[in-house]
Amino acid sequence: MAERIRQVPRGLAMLALVGPSLIWCAEYIGSGEVILSTRTGALFGTAALWAVVAAIALKCSIGMMGARWTAVTGEGMVDLFDRIPGPRHWLVWVVLLLQLPAAVVSIGALAKVAGAFLNSLVPLPHGPLVWGLAASLFAVGVAWTGRFDLLKGVMSALVMVIVVGTMYVALRTIPPLAEVVKGFVGLVPLEVPPWVPAESRIASPWHEVLPLMGWAAGGFASQVWYTYWCLGAGYGLAAEGAWGKPADTQRLAAIDAGEARLIRGWCRVVHLDASFAACVGVVVTTGFMLAGAGVLGPRHLLPEGNQVALTLSRIFSENWGRVGAVLFLLAGAAAMVSTLIGQLAGWPRLLADCARIVCPPFGRLPWKGQFRGFLLFFIVTNAAALLVFDPVKLVQLGGQLDGILLTPVQSLAILVAFVFVLPRLVPRESCRLLRLGPVAIVLLATATLVFGILCVLILPESLGKLLTS
C-alpha cells in the first residue's frame, strides 16, 4: 500500500508544494490587520508589536499541528474534534453553536469594510453598499466552484498586492528603528495616550489589543480552514481523502513503518507551508501597524470605521503623492476581498462538517449541496450587515468571538488528539514516527495557556464594554 502515498520532493523542490499557506494568509490578512492593526499603531505606536508577533506565532502553530493531523489521517479538524473523549459530539456542538453567529458577524464586517476600501479607490453613488455587494458576489462566485486550484490562484495574486502595498507604506512611514526593536521585545509601555478624546472610552489598552490578537493569523475558524486547504493540496494521506468525510480508520490501522516515514515527510511540507504563512502575516500586520504609528499617531488621529481608509488615503496624498495613497488602498482592498473569499470558502465547509456530524440526515446530502446551502445563507446575512451594522464594532466583536473564545479549546483538542487518540488509530511503531515532538507539544500547551488566560481574565469585561458601547 506504500505506493498509494505520493513520494515527498526533497530540498528546494519542496517549495513547489507551498500552496495552502497562500490561501491561508490571504484569508487571515483582513480587517484585523487593516483596521485594528492600523488603529492600534495610531494609539500605541510600536508598543503592541510584540503582542502581534506572539499571537501569530501561537496561532500558526495551532494551524500547523492541525494540518499535520490532516496529513497523518486524511481528515479535517472538525472530524478531529469529534474524536475528543467525552459525551457524543460534544465539542462539535460547541463549535457549531459558537461559530454560526461568529461567521455571520465576521463575514458581514468584511463585506462592509471591503465596500469602504473599494469605494475609496473608485467612488460611486451609494458606493460602500454597491462595492460591498459586488465584493460579496465576487467572493461567492470564487467559493461556489469549490475548486482548490482557482482559490489558490486568486488568493496568491491578492497576497502579492497586499505585500507590495504594505511594504511600500511601512518603509515610507516607519518610526525610528530603535522604537521598532523595543516594540518587538515589549520594552515600550502600553498606555492610552493623553490625546485620545474622552468619548472614545478606551478604559484599558487591552480593550484594543485583545481583538487584534484575536484577529492576528485569523481566528479559530482560520486554523480549521487551513486543514481544508491541505486536503485540497493532497498532503500525505489527504491525497486519499476529500472534503466532507472522516478518516478511513481501517486504512489508518494498516499503516506500516514505511508509509509512516512517507507521511512524516509530508508533515515537513506542512511545517514549511505554515511557516511561510506566519512570515507573511508578521510582515503585513506589522506593516499596517507601523503605518498607523508613523502617520496617524503623530497627528493625533484615531479614525473610526470607514474613515480609516479615507483618512490614510488623504494623508498619503498630501505627503507622499497619489502613489502611496493608491498602494495603501489597494493593499487594504485586496486584504478585505481575499479574506471575504477565504471566509466564504471556509465557513460553509466548517458548518457543513458540523451539521453532517450532529445531524446524519444532513450528511447524506451531496457534499456540494451541504456547502452551497450555507454559502447562500451568508449571501442573505451579508446584505443585512451592509445595511445595518457598524464595521469597527463588527470587526472587534468577530475577532473576540472567533479569535479568542475557542482558541484555547482548539489547541488543547489538537494536543489531546495526538497524545491520546492517534495511538488508538495507528499501529504502535507508526505512531512513534508520527507523534508530535517536544517543541510542538510546548507550543500547543503555551497557546492553550495564553489564550485561556485571555479568555478568563480579559475577554468577559472586554466583550461587555463592546456590547454596551
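The values are calculated or read from the model by the stated rules, or taken from the named source; none is laboratory data. These figures come from a predicted structure and were not determined experimentally. Counting neighbours? That spans all protein chains shown, and the Cβs are built from the backbone with ideal geometry, glycine included.
If I go through the stretch 324-350 residue by residue, how many of them are farther than 20 Å from K112 by Cβ and surrounded by fewer than 24 Cβ atoms within 10 Å (Cβ to Cβ)? First the steps, then the outcome.
Applying the first criterion (farther than 20 Å from K112 by Cβ) to the stretch 324-350 yields 324-327, 349-350.
From what's left, surrounded by fewer than 24 Cβ atoms within 10 Å (Cβ to Cβ): 324-327.
Result for the stretch 324-350: 4.
Starting from residues that are part of a loop (DSSP other than H, G, I, E, B) and within 29 Å of L22 (Cα to Cα), keep the ones in the stretch 177-226 and report whichever is nearest to the chain's Cα centre (by Cα).
As a first pass, look at the stretch 177-226 and keep what is part of a loop (DSSP other than H, G, I, E, B): 186-197, 201-205, 216-219.
Restricting the remaining residues to those that are within 29 Å of L22 (Cα to Cα) gives 216-219.
Details: A216: 7, A217: 5, G218: 2, G219: 5 Å.
Once the filter is applied, the top-ranked residue is G218.
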Next item on the list: Name the single residue, out of those in the stretch 423-441 being more than 31 Å from the chain's Cα centre (by Cα) and not basic (K, R), that is surrounded by the most Cβ atoms within 10 Å (Cβ to Cβ).
Entry: S430
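Can you give me the number of residues within the stretch 244-261 that are part of a helix (DSSP H, G or I) and surrounded by 19 or more Cβ atoms within 10 Å (Cβ to Cβ)? Lay out the reasoning, then the answer.
Step one: list which residues in the stretch 244-261 are part of a helix (DSSP H, G or I), which gives 249-253, 257-261.
Now narrow it down to the ones that are surrounded by 19 or more Cβ atoms within 10 Å (Cβ to Cβ): 252, 259-260.
Final tally of qualifying residues: 3.
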Checklist line | Residues satisfying the stated conditions in the stretch 201-223, i.e. surrounded by fewer than 21 Cβ atoms within 10 Å (Cβ to Cβ) and polar (S, T, N, Q) | finding: S204
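Restrict the check to the stretch 224-233 and report whether at least one residue is under 30 Å from L296 (Cβ atoms), at pLDDT below 90 and surrounded by 13 or more Cβ atoms within 10 Å (Cβ to Cβ).
Of the stretch 224-233, the ones under 30 Å from L296 (Cβ atoms) are none.
The answer is no; no qualifying residue exists.
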Notebook entry, point to check: With (1) hydrophobic (A, V, I, L, M, F, W, C); (2) more than 28 Å from I23 (Cα to Cα); (3) at pLDDT 90 or above; (4) surrounded by fewer than 19 Cβ atoms within 10 Å (Cβ to Cβ) as the list, and L272 as the residue in question, which single condition is left unmet?
Noted result: (2)
Margin query: List the residue pairs whose Cβ atoms are under 6 Å apart, where the first residue sits in the stretch 276-295 and is farther than 13 Å from L36 by Cβ, the second is modelled with pLDDT under 85 and among the basic types (K, R), and the two are 6 or more positions apart or on different chains.
Written below: none
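Quick check on T407: is it surrounded by fewer than 16 Cβ atoms within 10 Å (Cβ to Cβ), of a type in the set (S, T, Y) and in contact (Cβ under 8 Å) with a residue 12 or more places away in the chain?
Against the criterion (surrounded by fewer than 16 Cβ atoms within 10 Å (Cβ to Cβ), of a type in the set (S, T, Y) and in contact (Cβ under 8 Å) with a residue 12 or more places away in the chain), T407 does not qualify.
Could you tell me whether G153 is modelled with pLDDT under 80 and either surrounded by fewer than 16 Cβ atoms within 10 Å (Cβ to Cβ) or farther than 26 Å from A331 by Cβ (or both)?
Details: modelled with pLDDT under 80: yes; either surrounded by fewer than 16 Cβ atoms within 10 Å (Cβ to Cβ) or farther than 26 Å from A331 by Cβ (or both): yes.
So G153 passes the test.
Taking the condition of being among the aliphatic types (A, V, I, L, M), assigned to a helix (DSSP H, G or I), within 24 Å of T286 (Cα to Cα) and touching a residue at least 40 places away in the same chain (Cβ under 8 Å), how many residues in the stretch 136-176 meet it?
Step one: list which residues in the stretch 136-176 are among the aliphatic types (A, V, I, L, M), which gives 137, 139-140, 142-143, 150-151, 154-155, 157-164, 167, 169-171, 174.
Those still in the list that are assigned to a helix (DSSP H, G or I) too: 137, 139-140, 142-143, 150-151, 154-155, 157-164, 167, 169-171.
From what is left, the residues that are within 24 Å of T286 (Cα to Cα) are 154-155, 157-164, 167, 169-171.
Add one more test, that the residue is touching a residue at least 40 places away in the same chain (Cβ under 8 Å), and what stays is 154-155, 158-159, 161-164, 167, 169-170.
Adding up the residues that qualify gives 11.
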Margin query: What's the number of the only condition in (1) assigned to a helix (DSSP H, G or I); (2) surrounded by fewer than 20 Cβ atoms within 10 Å (Cβ to Cβ) that C60 fails to meet?
Written below: (2)
